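The values are calculated or read from the model by the stated rules, or taken from the named source; none is laboratory data. Here the structure is a predicted model, which means the values were calculated and not measured. Heads up, the Cβs are rebuilt from the backbone with ideal geometry, glycines too, and the neighbour counts pull from every protein chain shown.
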Amino acid sequence: MHIQDHVPALIRPATPVVCGTASDGSYSRCGYNRRGTIRERTMTNDPTPESLLPLPPATLHILLAVAETDRHGYAIMQDVEARTDGELRLSAGTLYRAVARMVEQGLLTEVEKRRTRADDERRRYYRITSFGLSVARAEVRRLMQLVRHAQARGLTPRAV
């Protein structure tokens, strides 16, 4: 039983905390699911793409947005909204919390150089890393396998 199990949901940290470190260098990260209960996930210092799966939908959409070109936050939000025909609209808070986590995980890196002189100097541009590409590919592979299983069971969308 961890101390976090006794912390009321309203004062629990929004981001995971490291709960413990093993002698092999791995560590366990504690966080909270939507019901406010604790979940623990063992991580290594060099995570594999599969260890981060399944990705939250916003994470995959952000990776897709920066897969072809570096983008600043607002451009990421616009790309996601356009690609999903407005079905997914990332708020600034959701985007920047996700981006901060993704930078910490090594999926994205902040680009130091601005695009043009006309750019607002407060804009931060993000680039997908090679690890981020590997994670995105692994997630797409996972989702494709899931779709194949659904199709094999006759669960295909009806024509609209």
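Quick rundown of the values:
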{"read-out": "Considering residues of the range 95-129 that are within 15 Å of the chain's Cα centre (by Cα) and among the hydroxyl-bearing types (Ser, Thr, Tyr) only, the residue surrounded by the fewest Cβ atoms within 10 Å (Cβ to Cβ)", "value": "Tyr96"}
{"read-out": "Sole exception among (1) in contact with a Gly (Cβ under 7 Å, 6 or more places away or on another chain); (2) crowded, with 17+ Cβ neighbours inside 10 Å for Asp79, by number", "value": "(1)"}
{"read-out": "Per-region count, the range 116-131, residues at pLDDT 95 or above, within 17 Å of Tyr96 (Cα to Cα) and not hydroxyl-bearing (Ser, Thr, Tyr)", "value": "2"}
{"read-out": "Selection within the range 71-99 - over 20 Å from Thr109 (Cα atoms) and in a helix (DSSP H, G or I)", "value": "Glu81, Ala82, Arg83"}
{"read-out": "Residues within the range 132-160 that are within 24 Å of the chain's Cα centre (by Cα) and surrounded by 11 or more Cβ atoms within 10 Å (Cβ to Cβ), tallied", "value": "14"}
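Every residue, every condition in (1) under 16 Å from Leu53 (Cα atoms); (2) out of contact with any Ser or Thr (no Cβ under 6 Å at 6 or more places or on another chain); (3) in contact (Cβ under 8 Å) with a residue 60 or more places away in the chain; (4) among the small types (Gly, Ala, Ser), yes or no:
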| residue | (1), (2), (3), (4) |
| --- | --- |
| Ala67 | no, yes, yes, yes |
| Met77 | no, yes, no, no |
| Asp85 | no, yes, no, no |
| Arg89 | no, yes, no, no |
| Tyr96 | no, yes, no, no |
| Arg101 | yes, yes, yes, no |
